[in-house]
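Report on the structure given below.
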């Protein structure tokens, strides 16, 4: 018995070394990150309270917090689409011809009361369920732009110009439809969004849980990249620069379209920012409202992560140009 | 990232949201109307995370890292999920303050359009408490008709000293701190201006628009009281 003890101890030591050799698990990394963060808080205490850094962390936290409920809603929807709604449903609900399905999906986007972060996982789920890419991106673009919450916010922000609500609705729906049609033709070689595969034999609720946890962690992680970018630009660009750029309509449209991409304000708040940019023409401000929900730094990060980088590098410029041009035309006609 | 760590990350994020939603710290970042939604999202995340942890403890333990490797298509997503720890650390460990003078200074001043052009008479006894946004709206879009003859009490943070007083400001937010816009008022007083970012309540009478900037309304101050930052620092 006595001579067995060292052998047992040896085997236990071997077990431990084996565990270490296999590498640190992600749970260990997780704990290490938290520990470093807490220590850094005390080491960097002063640096974190400089006004610019404090403003950055506040804006960063604000975007993440504000987006979290919309993200959660988006994931609940995307999970239901992935697990509970049979693929046949979409085949029956949408016209078979993509040319016709694109505007239908664009209008359908109007019923999802969220901002842009929530519609990315939903659009990805639609594509995985066999919805053609054209209608899926039309939904992706229209959902954050023309839903009732956004339209009411727009009417409140522009009390003197009720036509702004109509102009926004038309500009965003036309943008979504045009990009949907174009993407149906030119996005042919874009790969389907990476999908999460639940293990075989898992029950329906088990699949829902796995898909939701995976989609949520991924979408939230991608949102963080976008929030960090938007917070940086928000703090770095002094908005007072804009005071000198409002004169010319064309320059105004270009300036505010770019600003919409860089600021990445939630589509439910952008109307109030646009209303305050009084030095710009109404058409330029319409461009701000049409571009913002369709393409901004936060969305580009989320789309690149969800649909792949090849998707984002072509889709973002296409959407940007389409939205700016459509807004200019709609503005010239209606405003 | 294995699915256990993923559950921990979601648990922390949900926990951070719940913690915020149950305190006034939430109002440093978003509007009060967001509270129930943040609460719901936080609770949902925690439930999902706990459900995942329970389900995993029931199944046979295994290294999910290896499973993910075998499937091959989880890598990009696993890396992104790590970033969720950033807002968790910012919310729980750094706990950034509300935006103040630094941000107000860098944003265009008082270009806000009031939500309504109806300005009913101020009710209540003097001094009547008016938000800085309401004060500005009544001054700029109604020529201060409803302000004249009343004693007004305004609350804001000190933005900058000026000859003959100082300016106070308040940030107006629509969704979250990322869309903040300042409203500013000029306080005419002989008292020494408090330091930047100090919160004050000023009582006085409406004094027209500033001579130096026609978009800034003036309050001729009788009293200036230093206060603590209000629970909701934004208008």
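Here are the numbers:
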quantity	calculated
Cα pair distances exceeding 11 angstrom across segment B:1-44, given as percent	62
Using a Förster distance of 30 Å, the FRET efficiency for residue A:204-residue A:93 (Cβ separation, nearest 0.05)	0.90
Efficiency of FRET from Cβ geometry, residue B:57 and residue A:53, R₀ 51 Å, rounded to 0.05	0.80
Nearest 10 degrees, 0 to 90: helix A:116-128 Cα axis against chain A principal axis	70
Average beta-carbon neighbours from other chains, 10 Å sphere, peptide A:261-271	3
Residue order, fewest to most surrounding Cβ atoms within 10 angstrom, among B:28, B:228	B:228, B:28
10 Å Cβ neighbours from other chains, averaged over peptide A:305-312	1
Percentage relative contact order, chain B, counting C-alpha pairs under 8 Å, at least six apart	19
Proxy reagent accessibility, fewest Cβ within 10 Å first, across A:302, A:164	A:164, A:302
Virtual spin-label span in nm between residue A:43 and residue A:232, 7 Å along Cα→Cβ	2.2
10 Å Cβ neighbours from other chains, averaged over peptide B:1-13	5
Using distinct alpha-carbon pairs, which all enter the 1/r mean, Kirkwood radius of the protein assembly as shown in Å	25.5
With Cα atoms, 0 to 90° folded angle of helix A:51-79 axis to chain A main axis	90
Extension gain (nm, one decimal) between residue B:192 and residue B:33, 0.36 nm per residue minus Cα-Cα	53.5 nm
Sorted by Cβ density within 10 Å, fewest first, the residues A:298, B:151	B:151, A:298
Packing-based ranking, highest mean first, of B:174-183, A:60-69 given that Cβ atoms within 10 Å are counted	A:60-69, B:174-183
Angle between chain B longest axis and helix B:35-58 axis [Cα atoms, degrees, rounded to 10]	10
FRET efficiency for residue B:121 and residue A:244, using Cβ-Cβ distance with R0 set to 25 Å, rounded to 0.05	0.05
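Every number here is computed from the coordinates shown, using simple stated rules; none is lab data. Just so you know, these numbers come straight off a predicted model, no measurement behind them. FYI the Cβ positions are ideal-geometry reconstructions off the backbone, even for glycines, and counts take in every protein chain you see.
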